[in-house]
Amino acid sequence: MNFLAPAVLAGLAALSLPVIIHLLAKFRVREVRWAATRFLLTAVKRDQSKLRIRDLLLLLLRCAVLALLVFAFARPTFQPEDKIALATGAPFTVAVLLDQSASMGASDGVQTRFEAARAEALNFLAALPADSAAALFLVHDGYSGPVARPTTDIALVRRHVELARLGDRGTDFQPALHAALGALKNASGTREIHVFTDNQASGWSQVAAVRQELRSVDGVRVVLHPVAAAGSADVNLAITSLQPDTATPVAGQPFRLLAEVANFGDTPAAGVRVTLSVDGNAPSADAVIDQLAPGGSRFVPLLVRLPATGHHTLTAALPPDRLAFDNTRVFALEIAPPRAVLVVESRSGPAPWQGSGHFLASALAPVPPEEAPSYYLQVERKTAAELQPSQLSNYSVVFLCDAGPLPPAVADALDDYVEAGGGLVLMPGDATPAGAYAAAPWTDLLPAGLGLPLELPEGRLASGPYDHALLSPWNDPAAGTLAAIRVNRAYPLLETPGRDVTVPLRMADGSPFIAERAHGSGRVVLFAAPAVPAWTNLPLHPAFIPLMHRLYAVTARTTSGKLNLAPGEPFQAVVPIATLNKDVYQRVPGPDSRPVAVGRVELVGTQAVVRIRDTSAAGAHAVYIGQNEHPDILFAVQPPDGESDLRALPADILETDVDPTARPAAANSVASTPASGWRLPDDTQIWTWLIIAAAVLSLAELICALRASRTATT
């Protein structure tokens, strides 16, 4: 218990007055002897003990009345020390941090956590004493500062709190707390940071850094105001991932996606229906999960047939529950028109099968000749001597499959081609001359150097699991194993220390079989062997065709930029140069959303580029260039999956050195919240009770005193 006016407790010294009066009254008694006294001595001695008890009771009642009055005017309270300043009226400087991350959207059916936190923040600001100053920061995985410096205009701060809206971003308290400490650094008087949040565990990943910074700053207190939506956490399902399982989307062809569904609730979920819709239309595919245990997850395959070429969005959805944002997830893609790819090969004769790129070309376009003109990959085959530097820009990917020596002009053009965003795949073989890739530009272009080819009597590819997206299908045992592929001959790929290189696939002995790296805006992939049966049986294996199509997908030149973003990640895409300086409009997710002007097509280098900065809302975003009726580009913002885990931490997390992951609270409550509905009384209630008690005791003392005086007179 604390006191709002502790100086009044000095009035307890007045308790000595009834005692002094009581003692003085004994000495004021005058003794008068007369003849009949001896007849009363026996009665007086008999009643003496009762008189002492009566006098003592009166003394205690008088002392109790004084003590209750002193305590009442000292204003006792059960509030912690950090809230006493509000009641005392002393002005101070605060920074208000309001959590607007996606987890704050959890609802109890009446209000969300964000609405509860915003209401509590408004009440806190309204209770600030006169002349206090406040700053406001909105917290997500970063922060924004509508009122970044403390101001005495509390009405302005309250208005910004009222305008704050729930977001779809993750949680990280460290950046906002750092900014708040900076805002209060030069402030005078009492300084406090008040955080209104659900105190989600995932937001304290940098709690050690926060504690260290707080220890280095004197005179600043951090007060957490945890809020939690009441109700059950039994049902909390989320779509945490939506990724394609087909290498390249093709118009009119089936397209397979994998939706990962996780159960963040406390009880098993049964009969969970997952639907998939195209471009916001009615669901065209669905699947049902029979059982999903608490804390478990399941990948659900969904198959749809895509419409015409262009931009599309695919939306996976779950039945609604108390946390809405993670019940849907959108994936954006572009179906490109038929794209040209080039296979550069060596030839031993005029027949197509006599070219070293025969198996590769057949895998890239595995359709009958009459269907090849309409297939999404248009494969052209040339020798190194037939290749012209000016032709490279016509192809999305260039494959060098056991190609002969390239002219220096072609090699330099390939370097520029990859730098500008093209894809290059090299499969050196018998026709590759020794030292062909040992000079510039190859030394800067290739992800690894080439040794001399080796005979491998027992050479095989490594078994899974595989970490690279290129090989993810073969993590499923039903897809077969790559470990059955033999490698008879191979070039040693010499890894270069310090170079950012990825090795998607290795040999069974650990040596690299595929290496890749980014070069400029494009990618370069290097194989240790060509797609020729004399070197490896990979071209004869069932995995060869899907592997080559996935290889094309990860290396192909793209013009639309990255179409699937995290909240807050800016979007950028290259558009036709004819659209330069045209107005750009954006339609954000939402049933009532309309296109809003966000800028113009910019010139970046020699390319026309569209840039969109407002990507805070999860869902499908549409971009219009000029006055087009239909969107030119569609992209998706996917919320962070960690926000679906509603586990909270205790409100004293900053005051302890305990690892936050070791003390998770229930998903639907805050650890510091009392389990029962009873709450400690505030200072006004305590003051009222004390005054009533003092009045009752005063009345009792008056009655006892009257009775005592009446007895004395009789």
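The values are calculated or read from the model by the stated rules, or taken from the named source; none is laboratory data. What you are looking at is a predicted structure, and each value in this text was computed from that prediction instead of being measured. Cβ atoms come from the backbone with ideal geometry, glycine included; neighbour counts cover every protein chain shown. Just so you know, the surface numbers come from the protein's heavy atoms only, side chains and all, with ligands and any DNA or RNA stripped out. Shrake-Rupley method; radii C 1.70, N 1.55, O 1.52, S 1.80 Å.
Of note:
- Ellipticity estimate at 222 nm from DSSP helix runs (n ≥ 4, -39,500 (n - 2.57)) divided over the chain, nearest 500: -7500 deg cm²/dmol
- For segment 328-445, the antiparallel share of DSSP beta bridges with both residues in that region comes to about 5%.
- When peptides 431-440, 646-655 are sorted by average Cβ neighbour count within 10 Å, with the highest value leading, the order is 646-655, 431-440.
- Taking amide H as placed 1.01 Å from N in the peptide plane, Leu377 has its amide H under 5 Å from the amide H of Arg339, each at least 5 places away in sequence or on another chain.
- Labels on offer are (i) 215; (ii) 238; (iii) 259, and the one holding volume of the Cα convex hull per residue in Å³ computed from this structure is (ii).
- Here's the picture: charge each Lys and Arg Cβ at +1 and each Asp and Glu Cβ at -1 in the chain, and of Leu17, Val235, Val398 the one pushed furthest to the positive end of that dipole is Leu17.
- Nearest-10 value in Å² for the accessible area of Leu580, using the 1.4 Å probe: 50 Å²
- Surface exposure of the chain, expressed per residue as accessible area with a 1.4 Å probe, stands at 49 Å².
- With Cα atoms, 0 to 90° folded angle of helix 154-163 axis to the chain main axis: 50 degrees
- Exposure ranking of Arg191, Arg75, Arg149 by accessible area [1.4 Å probe, largest first]: Arg149, Arg75, Arg191
- The chain: relative contact order as a whole-number percent, Cα under 8 Å and 6+ apart: 13 percent
- Prolate/oblate/rounded call for segment 339-555, Cα gyration tensor, a/c under 1.5 rounded: rounded
- Each Cα pair under 8 Å and six or more residues apart adds its sequence gap; the mean of these over the residue count of segment 564-637 is a relative contact order of 37 percent.
- The simple Förster model, with R0 at 35 Å and r as the Cβ-Cβ distance, assigns Thr688 and Lys50 a FRET efficiency of 0.45.
- Bridge type composition, segment 339-555 - antiparallel percent by DSSP, nearest 5: 45 percent
- 3J(HN,Hα) along segment 446-456, derived from phi through the Karplus expression 6.51 cos²θ - 1.76 cosθ + 1.60 where θ = phi - 60°, amounts to 7, x, 7, x, 10, x, 7, x, 10, 7, 10 Hz, with x in place of Gly and Pro.
- Estimated distance in nm for a label pair at Val223 and Ala438, the labels positioned 7 Å out from Cα along Cα-to-Cβ: 7.4 nm
- The calculated FRET efficiency for the pair Ala385 and Glu495, based on their C-beta separation and a Förster distance of 22 Å, comes to about 0.10.
- Rounded to 10°, Cα long-axis angle of helix 683-713 versus longest principal axis of the chain: 10 degrees
- Rounded to 10°, Cα long-axis angle of helix 113-126 versus longest principal axis of the chain: 50 degrees
- Our estimate of slack between Asp290 and Ala518, defined as 0.36 nm per intervening residue step minus the Cα-Cα distance, is 77.8 nm.
- Site pair Ala340 and Val8 shows an inter-label distance of 9.1 nm when each label is modelled 7 Å from Cα along Cα→Cβ.
- One decimal place: the segment Val604-Asp108 gains 173.7 nm when fully extended, by the rule 0.36 nm per residue minus the C-alpha distance.
- Shape of segment 237-336, Cα gyration tensor, a/c cut at 1.5: prolate
- Rounded to the nearest 20, the Cβ-based charge dipole of the chain about its Cα centre (Lys and Arg +1, Asp and Glu -1) stands at 4280 debye.
- Accessible area of the chain belonging to carbon and sulfur atoms, whole % at 1.4 Å probe: 57 percent
- Potential extension, Asp476-Glu419 segment - 0.36 nm per residue separation minus Cα distance: 17.0 nm
- Counted over the chain, the DSSP beta bridges are approximately 65% antiparallel.
- Number of Lys-Lys pairs in the chain with C-alpha atoms under 24 Å apart and a separation of 8 or more places or on different chains: 4.
- Under a model in which nothing but the beta-carbon of Lys, Arg (+1) and Asp, Glu (-1) is charged, segment 564-637 shows a dipole of about 100 debye around its Cα centre.
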